[in-house]
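Notes to accompany the following structure.
The values are calculated or read from the model by the stated rules, or taken from the named source; none is laboratory data. Just so we're clear, the structure is a prediction, and the values are computed from it rather than from any experiment. Here the Cβ is made from the backbone with ideal geometry for all residues, glycine too, and neighbour counts use every protein chain on show. Quick note on the areas: whole protein, heavy atoms, side chains included, nothing else; ligands and nucleic acids left out. Shrake-Rupley method; radii C 1.70, N 1.55, O 1.52, S 1.80 Å.
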Amino acid sequence: MDEVVSASADAARDETVCVYIWDMDETLILLKSLLDGSYAGAFDGLKDPDKSIDIGKRWENLILELCDEHFFYEEIENYNEPFLSAVKEYDDGKDLTTYDFEADCFSSPYDDLNKRKLAYRHRTIGEKYTKGLEKILDNHMIKVWNDLYSATDKYTDGWLSSAHKLLEEAMGKSTVEPTGKHASINCIVTSGSLIPSLAKCLLYRLDDVVAFENVYSSWEVGKLQCFKWIKERFDGPNVRFCAIGDGHEECSAAQIMKWPFVKIEFRPDAPHRFPGLNLPTIHRVMAAVYDSSSNDG
């Protein structure tokens, strides 16, 4: 909610507020294409497919372990929500410091009482997300995580680190491109379920550039609905939206919303990929759509 106020305040000062809506898988991160070997296949023998699959499987195991050990995933897997505050109205604000999650009998039916228990879990997940993995994992697991991230970034020629750097630049954390009268917000809309998606944000080091409040799961509701929620949340007279992803669904949703769309592809000769995609390119795509709309209006 604070970001809504911030966006409105920025708009009131005649600043342009850019809201970037990112897909996660095969856009900010690579996982499916590593697991099925399609990423390696795009390089015509220059990448080892066995190494790709091994890296992908290690990520799968790490994501699942984080979900199960720290994010209550075994309990709440069948109660997916589109965003973490979706059941916040059921949270009575109870101090959870000594709360025994194992003894509260969270289960079906999905009534108000169990929605409150889910809200407690969502609040705890949000707090852990904000603290970061260094406060959650032990030293051994931190090393496993860091080593896997480094190996993946090396194998993908810097895909992960360059994507992270771009989101930093979008938020004005970098001086690579002066932001001028620009403010920005990063959102993620992913077709994956919510809890594993939040785990991915942490493991792929996106938590410092995407707040947990800005992570949406389109698993049941679809990307168009998520885009509409984001527009309702951040819209204002000087707010511009841009969707970035690799799939048809986000492209179609962006077209319906009349938003610019940047298509990501992992093949080495693709026009928009990591490393390579930069903020000036995204701003040119945005300007082409918004300036055209202004002229038509």
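Here's the yes/no breakdown for (1) open to solvent by 30 Å² or more (accessible area, probe 1.4 Å); (2) of a type in the set (Asp, Glu):
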position	(1), (2)
Asp208	yes, yes
Glu213	yes, yes
Trp259	no, no
Glu265	yes, yes
Pro275	yes, no
Val289	yes, no
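Annotation note: of Phe43, Phe83, the sole residue that is modelled with pLDDT of 95 or more, open to solvent by 20 Å² or more (accessible area, probe 1.4 Å), under 30 Å from Met171 (Cα atoms) and in a loop (DSSP other than H, G, I, E, B) is Phe83.
Can Cys242 be described as surrounded by 21 or more Cβ atoms within 10 Å (Cβ to Cβ) and farther than 23 Å from Arg273 by Cβ? Taking the combined requirement at face value, the residue does not satisfy it.
Scanning the range 172-184 for any residue that is of a type in the set (A, V, I, L, M, F, W, C), open to solvent by less than 40 Å² (accessible area, probe 1.4 Å), more than 17 Å from the chain's Cα centre (by Cα) and more than 21 Å from Glu81 (Cβ to Cβ) turns up at least one such residue.
Of the helices (runs of 4 or more DSSP H) lying entirely inside the range 216-297, those containing at least 3 residues that are within 24 Å of Asn80 (Cα to Cα) and at pLDDT 95 or above are 223-234, 248-257.
Does Asp100 satisfy the condition of being open to solvent by less than 80 Å² (accessible area, probe 1.4 Å), among the charged types (D, E, K, R) and modelled with pLDDT of 95 or more? Considered against the rule, which asks whether it is open to solvent by less than 80 Å² (accessible area, probe 1.4 Å), among the charged types (D, E, K, R) and modelled with pLDDT of 95 or more, Asp100 comes out as no. Of the residues making up the range 110-161, those that are touching a residue at least 12 places away in the same chain (Cβ under 8 Å), surrounded by fewer than 17 Cβ atoms within 10 Å (Cβ to Cβ) and part of a loop (DSSP other than H, G, I, E, B) number 5.
Test of understanding: among Ser52, Ser33, which residue is within 19 Å of the chain's Cα centre (by Cα), modelled with pLDDT of 95 or more, open to solvent by less than 20 Å² (accessible area, probe 1.4 Å) and more than 20 Å from Gly126 (Cα to Cα)?
Exactly one of Ser52, Ser33 is within 19 Å of the chain's Cα centre (by Cα), modelled with pLDDT of 95 or more, open to solvent by less than 20 Å² (accessible area, probe 1.4 Å) and more than 20 Å from Gly126 (Cα to Cα), namely Ser33.
The set of residues from the range 215-239 being within 17 Å of Ile125 (Cβ to Cβ) and buried (at least 22 other Cβ atoms within 10 Å of the Cβ) comprises Val215, Tyr216, Ser217. Filtering Trp229, Trp219 for residues that are among the hydrophobic types (A, V, I, L, M, F, W, C) and under 14 Å from the mean Cα position of the chain (by Cα) leaves a single hit, Trp219.
Taking the range 162-171 as the range and being open to solvent by 50 Å² or more (accessible area, probe 1.4 Å) and assigned to a helix (DSSP H, G or I) as the test, the residues that pass are Lys165, Glu168.
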